[in-house]
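Just below is one structure, and these are the notes that go with it.
The values are calculated or read from the model by the stated rules, or taken from the named source; none is laboratory data. Model, not experiment: these values are computed from the prediction. With ideal geometry, Cβ positions are generated from the backbone for all residues, glycine too; neighbour counts draw on all protein chains shown. Note: accessible area is taken over every heavy atom of the protein model, side chains too, but ligands, DNA and RNA are not part of it. Shrake-Rupley method; radii C 1.70, N 1.55, O 1.52, S 1.80 Å.
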Amino acid sequence: MPTKRLSMRRIRDLLRLKHAQKLSEREISAALGISKGAVSGYLSRARAAGLSWPLPPELDDDDALELLLFPGGVGSRRPGRVVPDWAHVDRELRRPGVTRALLWEEYRAAHPDGYGYAWFCGHYEAWKGRVRPTMRQTHLGGEKVFVDFAGDTIDVADPRSGEVRPAKLFVAAMGASSYIYAEACAGEGLEDWIGAHVNLFAFLGGVPKLVVPDNLKAAVTKADRYEPGLNRTYAEMAAHYGVAVLPARPRKPRDKAKVEAAVLVAQRWILARLRNRRFFSLAELNAAIRTLLAEINTRVMRGYGASRADLFTGLDRPHLGPLPETPYAFARWKRCKVAPDYHVEVDASYYSVPFGLIGEHVDVRVCARTVEVFHRGRRVASHALSPGLREHVTIPEHMPSAHRRFGEWTPARVIAAAETVGPSVAAFCEAVMTARPHPEQGFRTCLGVLALVKPYGARRVDAACRRAVHIQARSVSSVRSILKNGLDRGFLEETPDTPPVSHGNIRGQGYYH
């Protein structure tokens, strides 16, 4: 003989003992005088119906609770009557113009002895609640702020060119009070997104615990239901204010229902009322928005008997965290690989890092005035932002010692070093640097000639340079060839104190001082 079903009152006690008192199934079985299997069965039905404790207010009626727990049980339908295909009903209702009344009439036409319209609608709602349950969210004061961009835009005209560009509307809503903030932005880019958050926190006068955004690119780099990846700048801004970012699940607008409703309010009570006005700057547009925003927040809401501003003052504001001493300064992050010349490229300019990081990946933080480079979380370089393009910003300490020594060469120092070898070497170096658009372009050639002193000696190199100047040779390979083939020996007989060759194209040592 089957076990008699418990009354709805005792089922309510069972759910209370499980969820509120945290009793085990064995303890509930002993408390209610039923078997452990029966307890497990009722809890399974409650989980399938999406029920916990306390029960939603709409389930104060035993019939409503019974319909959720036992949708196909005795008493829910009469023998011989056909139950509609609720999945088919649900699909049809998504089609334009199809109503429940139309589908019920078609159902009764096919089954004249079928159920009535009230039964049809009630059981469809119960089926829909089981298939697509909606979690009723409870928001604590100061806990969450929901943020998003409105779909509609408003035009801003350039006063000089007359060009009209659409401005986006950033909207935020507090969870407990539904307090609204709105601001017009030039677009949905990262800088606009971060700037709107900074202004939002200043408007609230404090910081909530959580920010719930949508999955737009400025906020989320990897849209994932369980582990979304936050934009590096957005995460840094959240750390600066001490808030946590909890993106809504992809394609789940109910996760941010507060801001979805706030967007509708902003579109109807702000954008619609400004549709016939013409604005010539974002500042002018935002001034108009702030006036309308104050009206929205101070209007008494039906059903609450209080305005959003009143609810915000009583519910949210006392629980907001303090603002930091300074607002967040916008900064972009970029992932770079250190080039063989120990520089990283940022906005068409190049900034040095310690040469030991060649080939490594680094994180670059670009602010309004500075460029900072981080390797494994440690800052390894900091530069002033270069105002030009294709410029190299190099710190000497980042260079290898050999490169550093080369970087310290000047035209005067090259000539002085050449004179220690011989006057002809100095004349050759002067001729090389004079022949180039910039003297620095001849440094490598001059240093290459000076390096020949070690294998060939100073006298031979000076004689080779004397011959190179005579034949107007201007390369290291020419001087090396002269030395290799012994062509310098014909110039060794000359007296060592012979004055340097004088030529109209040679500037002389004094020029570089």
query = For segment 6-20, how many residues are open to solvent by 50 Å² or more (accessible area, probe 1.4 Å) and modelled with pLDDT of 80 or more?
reply = 5
task = Only residues that are in a loop (DSSP other than H, G, I, E, B) and within 22 Å of Arg165 (Cα to Cα): list them for segment 267-299, please.
result = Ala272, Arg273, Leu274, Arg275, Asn276, Arg277, Arg278, Phe280, Ser281
query = For segment 344-362, what are the residues that are surrounded by 17 or more Cβ atoms within 10 Å (Cβ to Cβ), of a type outside the set (Phe, Trp, Tyr) and either in a strand (DSSP E or B) or under 22 Å from the mean Cα position of the chain (by Cα) (or both)?
reply = Val344, Val346, Ser349, Ser352, Val362
message = Out of the residues in segment 46-65 meeting the condition of being under 21 Å from Ala118 (Cα atoms) and charged (D, E, K, R), tell me which one is modelled with the lowest pLDDT.
response = Asp61
ask   = Could you list, in sequence order, the residues of segment 466-490 that are without any contact (Cβ under 8 Å) to a residue 24 or more places away in the chain, over 17 Å from Pro423 (Cα atoms) and assigned to a loop (DSSP other than H, G, I, E, B)?
value = Asn485, Gly486, Leu487
note = Restricting attention to segment 28-58, the residues that are among the basic types (Lys, Arg) and surrounded by 14 or more Cβ atoms within 10 Å (Cβ to Cβ) number exactly 2
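May I ask you to verify whether Pro318 is touching a residue at least 60 places away in the same chain (Cβ under 8 Å) and under 27 Å from the mean Cα position of the chain (by Cα)? Please lay out each step first, then the result.
On the way: touching a residue at least 60 places away in the same chain (Cβ under 8 Å): yes; under 27 Å from the mean Cα position of the chain (by Cα): no.
So Pro318 fails the test.
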query = Of the conditions (1) part of a helix (DSSP H, G or I); (2) surrounded by 18 or more Cβ atoms within 10 Å (Cβ to Cβ), Gly314 fails just one. Which one is it?
reply = (2)
query = What residue, of Leu204, Leu210, Leu140, Leu169, is modelled with pLDDT of 85 or more and open to solvent by 30 Å² or more (accessible area, probe 1.4 Å)?
reply = Leu210
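Restricting to segment 172-192, name every residue that is among the aliphatic types (A, V, I, L, M), in contact with a Phe, Trp or Tyr (Cβ under 9 Å, 6 or more places away or on another chain), over 13 Å from Leu271 (Cβ atoms) and modelled with pLDDT of 85 or more. Spell out how you get there, then give the answer.
Residues of segment 172-192 that are among the aliphatic types (A, V, I, L, M), as a first pass: 172-174, 176, 180, 182, 184, 186, 190.
Right, trim to in contact with a Phe, Trp or Tyr (Cβ under 9 Å, 6 or more places away or on another chain) and you get 172-174, 176, 182, 184, 190.
The next check asks that each one be over 13 Å from Leu271 (Cβ atoms); those that pass are 172-174, 176, 190.
Within segment 172-192, Ala172, Ala173, Met174, Leu190 qualify.
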ask   = Any residue in segment 445-465 that is open to solvent by 70 Å² or more (accessible area, probe 1.4 Å) and not in a helix (DSSP H, G or I)?
value = no
query = If you take the residues of segment 106-137 that are of a type in the set (A, V, I, L, M) and within 23 Å of Glu66 (Cα to Cα), which of them is modelled with the highest pLDDT?
reply = Ala118
ask   = What pairs can you find where one residue is in segment 376-389 and in a loop (DSSP other than H, G, I, E, B), the other is open to solvent by 50 Å² or more (accessible area, probe 1.4 Å) and of a type in the set (Lys, Arg), and their Cβ atoms are less than 6 Å apart, with a gap of 6+ or different chains?
value = Leu385/Arg369
